[in-house]
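Trainee: Below: one structure in structure tokens.
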Amino acid sequence: MSRTPDLAVRIGPLRLKNPVLTASGTFGYGDEYAHVLDPKGLGAVITKTVTLKPRAGNPPARIAETAGGMLNSIGLENVGLERFRREKLPKLRALSATVVASLGGETPRELARLLEALGGEPGIGGFEINFSCPNVARGGAIYWAHARRLERTLAMLRPLTRAALIAKLSPDVTAIAELARGCEQGGADAVTAVNTFVGMAVDIGGGRSRLGRATGGLSGPAIKPLALARCHEVVRAVSIPVLGSGGIMNGRDALEFIAVGATAVQVGTASFIRPRAAAQVVEEMARLLAERGIRRIEAWRGCLEPAASPAPAAGRRA
Amino acid sequence: MSRRERARPARGGYRPARIPVATAAAPPALAKTAWRQAEARVTLHRDAGAGHRWLELAMPRAFPLPGAGQFVQLLLEAPAPVLLPRPMSVALVRRAAAGPVLGFLYAPVGDGTRALAALDVDDRVLVLGPLGRGFPLEVEGVPVLIAGGRGVAPLLFAAETLERQGRRCEFLFGARDAAHLVALAETRRRLDRMGGRLHLATDDGSRGVHGTVLELLDRIAPHLPAPRVIHACGPHPMLAAIARWGLRHSVPTFLAMESIMACGTGVCRGCPLPRSESERRRLSRARAPLPSLYGNPEFAMCCTDGPVFAAHALDWERLG
Ligand SMILES: Cc1cc2nc3c(=O)[nH]c(=O)nc-3n(C[C@H](O)[C@H](O)[C@H](O)COP(=O)(O)OP(=O)(O)OC[C@H]3O[C@@H](n4cnc5c(N)ncnc54)[C@H](O)[C@@H]3O)c2cc1C
Ligand SMILES: Cc1cc2nc3c(=O)[nH]c(=O)nc-3n(C[C@H](O)[C@H](O)[C@H](O)COP(=O)(O)O)c2cc1C
Ligand code: FES
């Protein structure tokens, strides 16, 4: 008889009952799926990225399915800070789940204003700063792909909250390890690796992009090996916890990310296909660990051969 | 051509439902979140002519019953050639002891629907639904249902719901040519049973009126007593033309729209349709929680604000 393994993990000041979070933009503001999946059973719910002003998002088409994945060009459609605070936050609190709010800004100053407004709000356990949206003209992944800028920005944000501060990075950069180190030095509690990969799809009938814009962000199973490699690279570069994201569809996928040293994982596109996907990842992960006789998730983390993960401190801190 | 098929003025005798109703202009309230994802079993799957298939799925007993104009997301079990589920309008709801049976009329056009077409009786499909806001059948008036191509299926479902309210409909059905009037025999049979009246139009004149459903509408409308209400489903250019007609004649008009979708439940924000200028202004002024999940004044989401929209809600210049 195997016991249910202990899945609890720590992200800076935040203790999560298990390492499975919903990825930003794939779980709404937490309440849309609540009738089929109790968010209390998840590590945390990460909300859709909120910006200072509401955003209407990009013109259609915003979705194009490709082999084993999907491109999206949502363009950060969101309700904006005021409505988030007034309408969404009370609903989020009512879920009694651990909530991580995702924040997006075009400048460091905008992010600071968001965090000044929300940093002390009860019911928010952490903030994930979206430094990696591929679908906006300004303040997207390209703007934030500078280690010094990330470091300075996080240093400015750090004093504004005692909740966990997580930096979400784009994979479409020359050296993700450097960016991750910038985040660590700026005071981030954790780094998320990774957001979607920039991709394209062409409708050869019309000779046009299948999206309203030329490019979109690729997510789903198609990106898992790529995301896993980026995650591995980040784990080796920093000693703060890393959250893996990209193509995680089931418990096996989650254990792969944790094996390369991720402290936690995020379930994204899978929720569109099976709204209960995140809960199923928790269940499967627990079962797979139990089958292997592993009693604590920490014992699995970074279990990839040391030769493959030379940095001694990488991802080992709880 | 039978008498029934000919455009023929109605002679009255309608019994508009006595149901307390919101004004026709007011959009239906946000659907309560009642959807589920459940495993269904294929009970019937056959050719429906004109390049279409008819699919019936047995649902678990607890599955909430969809209304006309609502849709579900059909997900094939692995290994499937596509990742995302495919949205499909519910064309039939039949109650059975073991649980409801849902019917769908669809065209295999791409990888997902072609894989669907390969399903055999007793195969399994995951069904997410019921989703979206259906036709507001409580809106008073002589129901004029206008179908283009496979749009016929959800409107037959609407006609049956109206019949239960004691309301008979005028049913306008158009296609390119006679061969594309999909499921015509069944449409006629079901409408006969309900006492609904079928009017046909084809672009090439091979069946019914020579012309579009809009020309058919122009012919029939003057003979129908006011108030009238239009529910339509078909290709977007056709719906745009009907929406403009409804706005011009001040007839409450509701259109079942489509968009490429991922989640179908309002979370991904992937299925925007441009709102009309007046709707944009109204929503920009609104302070209270908006009737849309995100209160986006620029775009409505097809899956949760729709798929059925009032004519005044959308920007037909950008859709037609
Ligand atoms: C609310 C709703 C109800 C629907 N009801 C029905 C129905 O009752 N019967 C039926 O046959 N189909 C219906 N559809 C359309 C159906 O979902 C698409 O035909 C299907 O998704 C195509 O999938 P595929 O994998 O076969 O094709 P794909 O390979 O995904 O696409 C084939 C082509 O169709 C385009 N396309 C895909 N989906 C749509 C769409 N929704 N609107 C416009 N273009 C699209 C693609 O861009 C591509 O060019 C409905 C769609 C919606 C949104
Ligand atoms: C439709 C869609 C919307 C997204 N919106 C956001 C967002 O607002 N903020 C963000 O940080 N990431 C966003 N993402 C990225 C996801 O959070 C996730 O990092 C990415 O999709 C990779 O994971 P997956 O393959 O499991 O989906 C979005 C992804 C999708 C598919
Ligand atoms: S399909 Fe996801 S919001 Fe409509």
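Since every read-out is calculated from the coordinates, none of them should be taken as a lab result. Every value quoted in this text rests on a predicted model; they were computed, and no experiment measured them. Here the Cβ is made from the backbone with ideal geometry for all residues, glycine too, and neighbour counts use every protein chain on show.
Trainee: Using a Gaussian network for chain A with springs between C-alpha atoms less than 10 Å apart, which of these wobbles most: A:45, A:36, A:99?
Mentor: Among A:45, A:36, A:99, the largest mean-square fluctuation in the Gaussian network model of chain A belongs to A:36.
Trainee: Decide, for region A:204-286, between rounded, prolate and oblate: order the square roots of the alpha carbon gyration tensor eigenvalues as a ≥ b ≥ c, take rounded if a/c falls under 1.5, and otherwise choose prolate if a/b is larger than b/c, else oblate.
Mentor: On the way: a/c = 3.04, a/b = 1.52, b/c = 2.00.
Since a/c reaches 1.5 but b/c is at least a/b, the shape of region A:204-286 is classed as oblate.
Trainee: Among B:90, B:110, B:51, pick out the residue whose Cα is farthest towards the positive end of the charge dipole of region B:36-131, where Lys and Arg carry +1 and Asp and Glu carry -1 on C-beta, about the Cα centre.
Mentor: Sorting the options by dipole projection puts first B:90.
Trainee: Please list 3J(HN,Hα) in residue order for region B:164-179, calculated via the Karplus relation 6.51 cos²θ - 1.76 cosθ + 1.60 where θ = phi - 60°; whole Hz, with x for glycine and proline.
Mentor: My calculation for region B:164-179 gives 5, 7, x, 10, 9, 10, 8, 10, 9, 9, x, 7, 4, 8, 4, 5 Hz in order.
Trainee: Arranged from highest to lowest average of other beta-carbon atoms within 10 Å per residue, in what order do the peptides A:104-112, B:131-139 appear?
Mentor: Numbers: A:104-112: 18.9, B:131-139: 23.6.
Descending packing order for the listed peptides: B:131-139, A:104-112.
Trainee: In nm, what is the difference between 0.36 nm times the number of residues separating residue A:185 and residue A:107 and their Cα-Cα distance?
Mentor: Numbers: separation 78, 0.36 × 78 = 28.08 nm, distance 1.90 nm.
Length difference between fully extended and current span is 26.2 nm.
Trainee: To continue, here is another question. How much FRET efficiency would the formula 1/(1 + (r/R0)^6) give for residue A:4 and residue A:276, where r is the Cβ-Cβ distance and R0 is 22 Å, rounded to 0.05? Kindly include the intermediate steps, with their values, before the conclusion.
Mentor: On the way: r = 19 Å, r/R0 = 0.85.
For R0 = 22 Å, the calculated efficiency reads 0.70.
Trainee: Expressed as a fraction of 2.2 N^0.38 Å, the rule-of-thumb size for a compact globular protein of N residues, what is the C-alpha radius of gyration of chain A? Could you put the intermediate results ahead of the total?
Mentor: On the way: Rg = 18.2 Å, N = 318, 2.2 N^0.38 = 19.6 Å.
Relative to the rule-of-thumb radius for its length, chain A sits at 0.93.
Trainee: Net charge around residue B:101, counting only other residues with Cβ within less than 9 Å of its Cβ (Lys, Arg = +1; Asp, Glu = -1)?
Mentor: Working: positive: B:94, B:95; negative: B:56.
In short, +1.
Trainee: Output the relative contact order of chain B, whole-number percent, from Cα pairs under 8 angstrom with separation of 6+ residues. Numbers along the way, then the final one.
Mentor: On the way: 734 pairs, mean separation 61.8, N = 320.
RCO, chain B: 19 percent.
Trainee: Another question about this same structure. Which value in nm describes the separation of the simple spin-label points at residue B:179 and residue B:122, placed 7 Å from the Cα toward the beta carbon?
Mentor: Placing both labels 7 Å along Cα→Cβ, they lie 3.6 nm apart.
Trainee: Starting from the exponent 0.38 and prefactor 2.2 Å, build the expected Rg for region A:128-207 from its residue count and divide its actual Cα Rg by it. Display every interim value, and only then the final one.
Mentor: Details: Rg = 14.5 Å, N = 80, 2.2 N^0.38 = 11.6 Å.
Its radius of gyration relative to the 2.2 N^0.38 Å reference: 1.25.
Trainee: What Kirkwood hydrodynamic radius, in Å, does region B:36-131 give when the mean of 1/r is taken over all pairs of distinct Cα atoms and then inverted?
Mentor: Working: mean 1/r = 0.0759 Å⁻¹.
Across region B:36-131, the inverse of the average 1/r is 13.2 Å.
Trainee: Would you compute, from DSSP H runs of 4+ residues alone, the mean residue ellipticity of the protein assembly as shown at 222 nm, taking -39500 (n - 2.57) per run and dividing by the full residue count, rounded to the nearest 500?
Mentor: Values: 17 runs with 154 residues, N = 638.
After summing the helix terms and dividing by the residues of the protein assembly as shown, the value is -7000 deg cm²/dmol.
Trainee: Apply 1/(1 + (r/R0)^6) to the Cβ-Cβ distance of residue B:285 and residue A:142, taking R0 = 45 Å, and write down the FRET efficiency to the nearest 0.05. Display every interim value, and only then the final one.
Mentor: Details: r = 36 Å, r/R0 = 0.79.
Efficiency, rounded to the nearest 0.05: 0.80.
Trainee: Still on this structure, please answer the following. How big is the Cα convex hull of region B:257-320 in projection, averaged over all directions, in nm²?
Mentor: Values: hull surface 16.2 nm².
Approximately 4.0 nm², given one-decimal rounding.
Trainee: A further question on this structure: Using only the Cα atoms of chain B, what do you get for the radius of gyration and for Dmax, in Å?
Mentor: Both quantities, over Cα of chain B: 18.9, 56 Å.
Trainee: Using r as the Cβ-Cβ distance of residue A:82 and residue B:244, and R0 as 45 Å, what FRET efficiency do you calculate, to the nearest 0.05?
Mentor: Values: r = 36 Å, r/R0 = 0.81.
With R0 = 45 Å, the Cβ-Cβ based efficiency is 0.80.
Trainee: Report the charge-dipole magnitude of region B:257-320 in Debye, nearest 20, computed about the Cα centre from +1 at each Lys and Arg Cβ and -1 at each Asp and Glu Cβ.
Mentor: Working: 8 positive and 7 negative charges, 64 e Å.
Dipole size: approximately 300 debye.
Trainee: Provide, for the protein assembly as shown, the number of lysine pairs with alpha carbons under 19 Å apart, each pair being eight or more places apart or on different chains.
Mentor: Number of lysine pairs found: 11.
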